[in-house]
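Got a structure here, written out as structure tokens. Questions coming.
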Amino acid sequence: MPRDNHDPATTSTDHQAKRRPRALPILLGIAALLVLGVFADRTISIRPGATQRIIVSRGGEVVALYGPGQHGFANPWTDTRAVVEMSLSNTDRSAPDRGMPALTAEGLPVTLYGTAFWHHGEEADLRWRFSHIRGDADLMPPLMAASVAAVLGRTPMEAAIRDAAALQAALTDDLRARARALLRIEVASFAITRLDPGETYRQVVAERELGRARAAAIAASPAVTGDNPNAVEVERIRRWDGRGVIPELPARAAP
């Protein structure tokens, strides 16, 4: 019996069979466009975050810099992008193994622990930093150590211990000047976590307290008279200025 080409069921089946081969390339094309769009968005499109700046360089030279709200495009084969966080960052040297040793104005050893808070500068600073400082080397820790050595080197131990606010302000000013001149970054503050005076200063304090106790005991003794040999010891302690060790016996005048 001859096939009826006008049969509705037969006609519907034929149309579905013809549509299937056409639908597969369309779906594959849509998927390829989506993948290409995502790839282009991630490799070509530039959209900095709210606290970011993106530096576009070519051959080691900065060709563009984009800030929040700006959009741009980069060639993924010739351009390199570097994302810079503009929010406040910190360099922490408060761990026990990250202390910064120094010598005070009297030459006494001391170790300071603290944290520096800083952020990147303006566009000109970023361009200079990218052009002059290669790699991701963190240069803040050695700068912090240099500031500690410089500031404590002109500060007496007593002043460093008693006036921590003044010491912290001096450290902030010194580190700010160094970071600005060498790294073109802005330092917000240098927060002191702890100041360890060391065993040498503890020995000095112990000798000082012992000398004061001896002086008080001798001065209160009724046996001290003008011709008593103990008067020489009292004079020795009275001549002591309270710093370092007690001086030697004063030299007697030659007869």
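The values are calculated or read from the model by the stated rules, or taken from the named source; none is laboratory data. Values in this document were obtained by computation on a predicted structure and should not be read as measured data. Ligands, DNA and RNA are stripped out before the accessible areas are found, and what is left, the full protein with its side chains, is counted by its heavy atoms. Shrake-Rupley method; radii C 1.70, N 1.55, O 1.52, S 1.80 Å.
What area, in nm² and to one decimal, does the C-alpha convex hull of region 108-175 cast on average over all directions? Display every interim value, and only then the final one.
Values: hull surface 22.3 nm².
Value for region 108-175: 5.6 nm².
Out of the total accessible area of region 65-117 (probe 1.4 Å, heavy atoms of protein only), what percent is carbon and sulfur? If you can, show how the numbers build up before the last one.
Values: 1580 of 2900 Å².
Solvent-exposed carbon and sulfur of region 65-117 make up 55 percent of the total.
OK, next. Taking the solvent-accessible surface of protein heavy atoms with a 1.4 Å probe, what is the per residue accessible area of region 53-115 in Å²?
Dividing the accessible area of region 53-115 by its residue count gives 53 Å².
Return the sequence-ordered ³J(HN,Hα) values of region 73-83 in whole Hz as given by the Karplus equation 6.51 cos²θ - 1.76 cosθ + 1.60 applied to θ = phi - 60°, using x for Gly and Pro.
With coefficients 6.51, -1.76 and 1.60, one gets 9, 10, 7, x, 8, 10, 9, 10, 10, 10, 8 Hz.
Calculate what fraction, in whole %, of the accessible area of region 121-182 sits on carbon and sulfur atoms when a 1.4 Å probe is rolled over the protein chains.
Ligands and nucleic acids excluded, carbon and sulfur reach 56 percent.
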